[in-house]
Amino acid sequence: MKAYHKKRLLKLAEHLERGKLSVDRFDFSKWHEKTNCGTAGCAMGECPAVFPKHWHFRAGLFGNQEPALKERPFASVRASGRNFFGITQAQFAHLFIPGYQHPSLYSGKVLGERAKPSAVARNIREFIKQKEQMERK
């Protein structure tokens, strides 16, 4: 079984639960985007604020920014997230992409684009709990 970074996932979940985000509006469908009323972003878009030693923003399409690992500046957000959290592609989608949740495999609930930060944090915590139960078996 691939080792994952539980502490990093928990730190991100705690940040999302506190609700003091780096964006003006949480939007589970956007990494980090300038809008007419400020900025919008998702859980991955919070990585530069939560893990500034490892993450920063790089220029994205249409003048927007996207989170990037400093050590892998040209990798996609998805590849960077998988690498940083030590999770598979399916696990990344479950935790960070609207509508790609698989509760039967990873616990949690299916989340849409309008999911709240607390719901994303809950899925992260349920994922960790499920992984710990599997490891005990």
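Values quoted throughout were computed directly from the atomic coordinates according to the rules given, and no laboratory measurement underlies them. This structure is a prediction, so every number in the text was calculated from the model and none was measured.
So here's what we get for this one:
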{"item": "Inter-part distance where the stretch 95-137 and the stretch 22-38 are each reduced to a Cα centre, Å", "result": "22 Å"}
{"item": "Taking only Cα atoms of the stretch 33-137, radius of gyration then Dmax in Å", "result": "14.5, 50"}
{"item": "For the stretch 6-136: relative contact order, % (alpha-carbon pairs under 8 angstrom, 6 or more apart)", "result": "24 percent"}
{"item": "Links that overshoot a 31 Å alpha carbon limit, given the list K34/K129; K6/K70; K70/K137", "result": "K34/K129; K70/K137"}
{"item": "Angle in degrees between helix 6-18 and the longest Cα principal axis of the chain, rounded to the nearest 10", "result": "60 degrees"}
